Structure formats: C-alpha cells, structure tokens
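A.B. asks: Sharing a structure, written as structure tokens. Questions coming.
The values are calculated or read from the model by the stated rules, or taken from the named source; none is laboratory data. Everything quoted here is computed from the prediction, not taken from an experiment. Virtual Cβ from ideal backbone geometry, glycine too; neighbours counted across all protein chains shown. In case anyone asks, the SASA skips ligands and DNA or RNA and just uses the protein heavy atoms, side chains included. Shrake-Rupley method; radii C 1.70, N 1.55, O 1.52, S 1.80 Å.
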Amino acid sequence: MRRFAQAGVDTICFLPANTVNSLGQPYSSYPPIWHWYERYDFASLDRQIADLQEASPGASLICIVDLNSPAWLSRQLSLAHESGDSFTHLSECLANPRWQQAVKRYLGEFLRHCETHHADRIVAYVLACGHTDEWFDHNGEICGLLKEQAYQAWRQEKQLPPQAPPSAKALNSPDYDDLLFDPAQSPGVFAYRRFCNELIGKSICEFAAEARRAIRPQAEIGVFYGYVMTRLGAAESGHLCYERVLQCPDIDFIISPGSYGDRAMGGGGGWLGCAGSEKLAGKNHLHECDQRTHTHNRRLSPYVSLEVPHWQDSREDLAGIKREFALALVNRASLWWFDMWGGFYQEPALFEAFRRMKDLYARWVDCPSRPIAQTALIVDPDALYYFTQRSPRQKGFQTHARQQLNRLGAPFACYCFNDIPRIPNLADIKFFVFACQWEITSEKADVLRRYVLKDKRVVLWLYAPGLSDGMSLDPNRVKLWTGTTAAEQTDLGNRALHDPPRTTQQAGGSTVEETGLSACAMDGWTSAFLPTPDALTPAMLKQLARQARVHLYTDAEVPIYADHQLLAIHSAHDGIITIRLPNTCQHITDLFSGKCVASNSNTFDWHPNAPDSALFALHNDKDD
C-alpha cells in the first residue's frame, strides 16, 4: 500500500470479513466483527482502518461489506432444518426471513458505526454476498421448504398454477441439441430459473435501499453483478436479473473482474457485463484487475498451491497493466489493482507505470467521451435462461464472439438486447453481432425491424436466431432471419465442423477461410449466418465489417479501444502496425511516452516492442 501511495494511488479497497473464502481460509487477517445475534466487536474494524491510515495517510477507502453468513449463523439456522450458508446456498438464505432479518440488522449496525466514526475516509461501500462475494448462487438444484414456499408465492404472483420446483435431473436435461431447454417442454425449468434470478436481483436492490438509508447521500454503493458476457451457467449463478439491478436507484457502480478468457498477451479483456448498458443506466464501472503477474503468490497456504494462467515475465506484466488501464480510461471507468493473493505488484517498473497512469487518469477521466464504435455485440439475458448449465459449449457464444471482436482492429460496443433503441450512436452502428439471439418474440422482432434490420447494415447471427418465439422451439423459424432453411443450416454446421477449410480470394488480396459462414441479401440489409459459433474468426469479422463499411483502424488482428479523443492498441507480436484514423487529426500523442507521433494526418505507424500496449491522444482544436 505504501508503494501505491507513493505512486499517487489514493484509494484503497478493503474487506472487514466474518467469513472464509472458497479455500476455507479467512478472507481477512483481522478478527471477525459479528459474533452472535446483535453482538458485534467493531474494534477489529477500527484497527483495520487505523492500519490502512498509517500505511497511506491520505487515502480514501472503499469498504466491502461482508453479508455472508458467519459459521455460527449457518449452524444455528441448520438446527432449525434451514439452510443458512449464503456462500454456498445464496437463494436458500435469501428466501429465509430469519437470515434476512439477522443480516439486515448487521448491515445497519455496521454502516452506522462506519458513518459515525469513519465517514471522513470511506467514500463507498460494496455490498458483497454469495459465492466469492459476487452474488453467485451455486445451489439452483436445491430447494428447501422456505425457498419452495417463496417459489409458490412467486408463481401465484405471476398467475401461474402451483407446481413443484424441477428436480436436479430436470434442470440438467436440455431438450434441444443437448444445449438448450424448450419453453414448451420444460416450462418449469424456465419459471424456476427466473424465480431464483429475480430473488437475487430483488434482494440486491433491497439491501442497497437499506444501505442507502444508513449512509450519507454522497457515499456510493456498488455490487459485483451482471456477468452475462462470459459467465457459464449464468442462470444458475443468479446473474440474469442484471437489467433490474442496473435500474436500481440506490446502486452507483457495478464491479466485475476482467474477462478470464482473454487475458493473455494479444487478448483484449473486457468487462463481464455489458459496458454500453451500464453507461445507459447511469452506472459507473469499477474494473477489477486481478490478472496475475509473473510474481504472483502461488502458495496460498502450507497445503494449497495453485497453478493458474498468468503473465509470464516483466514485459508481459507491463504490457498487461497498460492494456487494462487503457481499456478503463477509454471507457471512463474506475480501475482497481487487486492484489488478490499477494505478490502481484513487485517490480519498480510497474510502480513507475502506475505513477504515470495516475497522472493520465486525472487528466482524462472527466473529459467528455463520444462513442465512435460502428460495431455492436448484443447479448440477450433472456436467451441465457435456455442454456443447460454444465455444457462447455456455452463458451462458443458471447464469450467467443467477444474474444474474436477483440481482434477486429476496430472498437466495438456491448449492449443488452433491450437497450438497442437507446444506443446513443445507433445511426452510426453498421455491423451488429447477435451472439445468442435464439429467442425472438413478437416484441423483439418489432425492435429488430424498427431499429436494426435496415440502412444497409450487416447483421451476423450465431447458431439459430429466432429458434424460439418465447413459447416453443422450431428450427424452421431460423430462415426468417437468415434466409437459410433448417436443413441448410444443419448442412452448413456439418461442413464447418468436418470439412477441410477452403479459402477464397478477397478484395485487396487477403484470403478468408470458408467455414460455414453464409450471407443473404435481405430487404435493405444483409443477413450473415454462422451455425457453429465457435468457428467464428477475426478474419470473418473483418470481412463482414468491410462489407458493412465499418472503418477498420488496422489490418492487424489486435485490440483497439477508442472514443473521439483517445485510441489504445495492444499487440503480442513485433512488426510495424499501421493505424488509419477516420479523419485527419492535428496532433497524435503517445500518452505513455509523451511524444508526438504524427501531425495533420489520418495515418501513423506504431512500432510495438512486443508484447506492448499504447495509448494515443487525438488532438483537434474543436475537441478542446
């Protein structure tokens, strides 16, 4: 902390914990606060804050509030034949009035103590519960008496007839392609999943309202939630009430780690939620950077050592933190360097970079940002209710699509389907990617026709768009959106999986492998269709983007983050990369070095010392 303070980092996130982590080890080295019903020892909290103040006297604090069950509460509730472990049985606890009452009393007393004694330091609170404190529910297959009673009340409220919760076998027996559930064949699965997710989303909002009543108006509230972009089994995790939580007036910011699947050199990372939708809802984003450096601590206890993906050496560490910083700054998000197990940040070069980044952040974060992306990735949380939770094929949809878009060589935006009419630069979006749009109800069809399927746009559908109308699955519906029959869809998928790739010559001499991607001219737009989503490549996306008249900043398959004033790029490989801007720029400055790289130009070359990341300011008098 002292080294971060010397680098100018002036905010510390800390966790006064009562519970243990997924390894069974205490989350905090300080003693617990909550010892029994309405029995609290806040001296532990005071000592922790005093130690933080000594290490970094001027730092502001973000306090993570541990709402998970202490061991004694779990065991007390189990004596009454009730599940009380919110870490492993979140929805069971949220349906338990005795658990809710005890935890809300603790929350109120904890916040009153903080506001009475530490309001001068604490600027925000993060409400944390569930598995890994991220509001994950990993017990969707379990339904005790209290939860079943809540489920029956929910069904009555939704005017659904009484029905028992589905069995664990039913929850793991998809109806279509060993991947999706059919609303006609498994209505109970959909209803129960919606109930569990709404219970978690509603509870988050209720806890936020309790917290808001106890704290100063200027203190902010955040949560870990909304992992719809990359979370496998999102329905079972309880994260599909994302849009409701985004609309909660008591929540100020959303937190998520960087994408786990695209952290290596050459990758583009990204939020676990939809950045565009969070902005539309007026929420800030706190980008948790827990990417492991090559110095990270692998030995977590005398008995536990973990070998997990990590950056390999000092050069990768430096390129990685610069990439994550640039991603956050271009999106005007906050940034949290999370030293999760210790040892992440050791070398002087990193702290010199942190010092430079802090200066850049202070200079740019409050500057206006105008979106310029001409490509949009759309995720429909409703579609994620269809997935069977244990299928690894889930990775082939929005997760894989985002990874490939990270190599498009142009910026792109991410939105939830329901936000399409509110995309601020909708008229500029020329290329839409629908990664999981198998549900197209009549209402969604109207949104598509009114806002998307026109103006010479190119629309890429993955797998089976329109397979469901919200009431049943029918493969013959796919042709309405792709111009391809169900039989042709199957044939394309088989060829993509089993035939050797063929290459075709494109304009400019480049080649693109043919792997089942088809295109069909529709009424004022082009429908592109790939039935095997994990066959999607950057080359395919570049081909379609060019057809849509999207401005590609580079021919290289590298991440580009940009708004109208900032542009960032990352590469794992050496070699000159030519960057083409949409318009002539008066001055182009490398912000990490402070050097001007071009003037009165719309083209410049970047010479990465790979792996490397760069951030450029695009100066025009009219933007000042």
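A.B. asks: Of the numbered conditions (1) within 10 Å of the chain's Cα centre (by Cα); (2) surrounded by fewer than 21 Cβ atoms within 10 Å (Cβ to Cβ), residue 229 satisfies every one except a single condition; which is it?
C.D. replies: Answer for residue 229: the failing condition is (2).
A.B. asks: Same structure again: Which ones in the range 237-246 are buried (at least 24 other Cβ atoms within 10 Å of the Cβ) and not in a loop (DSSP other than H, G, I, E, B)?
C.D. replies: Correct list: 237, 242.
A.B. asks: Then there is this: Looking at 54, 38, 82, which one is surrounded by 15 or more Cβ atoms within 10 Å (Cβ to Cβ) and of a type in the set (Asp, Glu)? Reasoning before the result, please.
C.D. replies: Numbers: 54 fails: surrounded by 15 or more Cβ atoms within 10 Å (Cβ to Cβ); 38 fails: surrounded by 15 or more Cβ atoms within 10 Å (Cβ to Cβ).
Testing whether each residue is surrounded by 15 or more Cβ atoms within 10 Å (Cβ to Cβ) and of a type in the set (Asp, Glu) leaves just 82.
A.B. asks: Which numbered condition trips up residue 94, out of (1) surrounded by fewer than 22 Cβ atoms within 10 Å (Cβ to Cβ); (2) touching a Ser or Thr at 6+ places or on another chain (Cβ under 6 Å)?
C.D. replies: For residue 94, the exception is condition (1).
A.B. asks: Kindly indicate which of 570, 587 is touching a residue at least 12 places away in the same chain (Cβ under 8 Å) and open to solvent by 10 Å² or more (accessible area, probe 1.4 Å).
C.D. replies: Numbers: 570 fails: open to solvent by 10 Å² or more (accessible area, probe 1.4 Å).
Exactly one residue qualifies, and that residue is 587.
A.B. asks: Something else about it: Run down 222, 261 and say which single residue is of a type in the set (Gly, Ala, Ser) and at pLDDT below 95.
C.D. replies: Within the list 222, 261, the selection yields 261.
A.B. asks: Taking the range 130-142, which residues are of a type outside the set (D, E, K, R) and either in contact with a Pro (Cβ under 9 Å, 6 or more places away or on another chain) or assigned to a loop (DSSP other than H, G, I, E, B) (or both)?
C.D. replies: Those that are of a type outside the set (D, E, K, R) and either in contact with a Pro (Cβ under 9 Å, 6 or more places away or on another chain) or assigned to a loop (DSSP other than H, G, I, E, B) (or both): 130, 132, 135, 138, 139, 140, 142.
A.B. asks: Which is open to solvent by 60 Å² or more (accessible area, probe 1.4 Å) and either modelled with pLDDT under 95 or within 25 Å of the chain's Cα centre (by Cα) (or both), of 534, 563, 612?
C.D. replies: The unique qualifying residue is 534.
A.B. asks: Consider residue 9 against the criteria (1) of a type in the set (A, V, I, L, M); (2) open to solvent by 20 Å² or more (accessible area, probe 1.4 Å); (3) farther than 26 Å from residue 214 by Cα; (4) assigned to a helix (DSSP H, G or I): it satisfies all of them except one. Which criterion is unmet?
C.D. replies: (4)
A.B. asks: Does residue 393 meet the test of being part of a helix (DSSP H, G or I), open to solvent by 10 Å² or more (accessible area, probe 1.4 Å), without any contact (Cβ under 8 Å) to a residue 12 or more places away in the chain and basic (Lys, Arg)?
C.D. replies: So residue 393 fails the test.
A.B. asks: Among the residues that make up the range 194-203, is at least one of them open to solvent by 30 Å² or more (accessible area, probe 1.4 Å) and aromatic (Phe, Trp, Tyr)?
C.D. replies: no
A.B. asks: What about residue 134, is it within 28 Å of residue 231 (Cβ to Cβ) and out of contact with any Asp or Glu (no Cβ under 9 Å at 6 or more places or on another chain)?
C.D. replies: Taking the combined requirement at face value, the residue satisfies it.
A.B. asks: Okay, next question. Taking residue 377 as the residue in question, decide whether it is under 18 Å from residue 256 (Cβ atoms) and crowded, with 22+ Cβ neighbours inside 10 Å.
C.D. replies: For residue 377, the condition - under 18 Å from residue 256 (Cβ atoms) and crowded, with 22+ Cβ neighbours inside 10 Å - is met.
A.B. asks: Give me the pairs: first residue in the range 303-325 and farther than 19 Å from residue 24 by Cα and aliphatic (A, V, I, L, M), second residue in a helix (DSSP H, G or I) and open to solvent by less than 40 Å² (accessible area, probe 1.4 Å), beta-carbon distance under 9 Å, and six or more apart or on different chains, which are they?
C.D. replies: Between residues of the range 303-325 that are farther than 19 Å from residue 24 by Cα and aliphatic (A, V, I, L, M) and residues that are in a helix (DSSP H, G or I) and open to solvent by less than 40 Å² (accessible area, probe 1.4 Å), the close pairs are 318/350; 318/353; 321/350; 321/353; 321/354; 321/357.
A.B. asks: Determine if the range 160-170 includes at least one residue that is in contact with a Leu (Cβ under 8 Å, 6 or more places away or on another chain) and either of a type in the set (Val, Ile, Thr) or part of a loop (DSSP other than H, G, I, E, B) (or both).
C.D. replies: Looking through the range 160-170, none of the residues is in contact with a Leu (Cβ under 8 Å, 6 or more places away or on another chain) and either of a type in the set (Val, Ile, Thr) or part of a loop (DSSP other than H, G, I, E, B) (or both).
A.B. asks: Taking the range 114-140 on its own, how many of its residues are in contact with a helix residue (DSSP H, G or I) (Cβ under 9 Å, 6 or more places away or on another chain) and surrounded by fewer than 16 Cβ atoms within 10 Å (Cβ to Cβ)?
C.D. replies: So the answer is 2.
A.B. asks: Considering only the range 155-175, state which residues are within 27 Å of the chain's Cα centre (by Cα) and open to solvent by 10 Å² or more (accessible area, probe 1.4 Å).
C.D. replies: Selection gives 172, 174.
A.B. asks: Quick check on the range 197-236: of everything there that is outside any loop (DSSP other than H, G, I, E, B) and out of contact with any helix residue (DSSP H, G or I) (no Cβ under 8 Å at 6 or more places or on another chain), which residue is farthest from residue 130 (Cα to Cα)?
C.D. replies: This residue is 213.
A.B. asks: Something else: Among all residue pairs at least 6 apart or on different chains, which show Cβ distances below 8 Å where the first residue, located in the range 229-253, is touching a residue at least 24 places away in the same chain (Cβ under 8 Å) and over 13 Å from residue 383 (Cα atoms) and the second is of a type in the set (Gly, Ala, Ser) and open to solvent by 30 Å² or more (accessible area, probe 1.4 Å)?
C.D. replies: 230/261; 253/334
A.B. asks: On to the next question. Please pick out the residue among 542, 456, 444 that is modelled with pLDDT of 95 or more, assigned to a loop (DSSP other than H, G, I, E, B) and either more than 27 Å from residue 177 (Cβ to Cβ) or open to solvent by less than 50 Å² (accessible area, probe 1.4 Å) (or both).
C.D. replies: On the way: 542 fails: assigned to a loop (DSSP other than H, G, I, E, B); 444 fails: assigned to a loop (DSSP other than H, G, I, E, B).
Exactly one of 542, 456, 444 is modelled with pLDDT of 95 or more, assigned to a loop (DSSP other than H, G, I, E, B) and either more than 27 Å from residue 177 (Cβ to Cβ) or open to solvent by less than 50 Å² (accessible area, probe 1.4 Å) (or both), namely 456.
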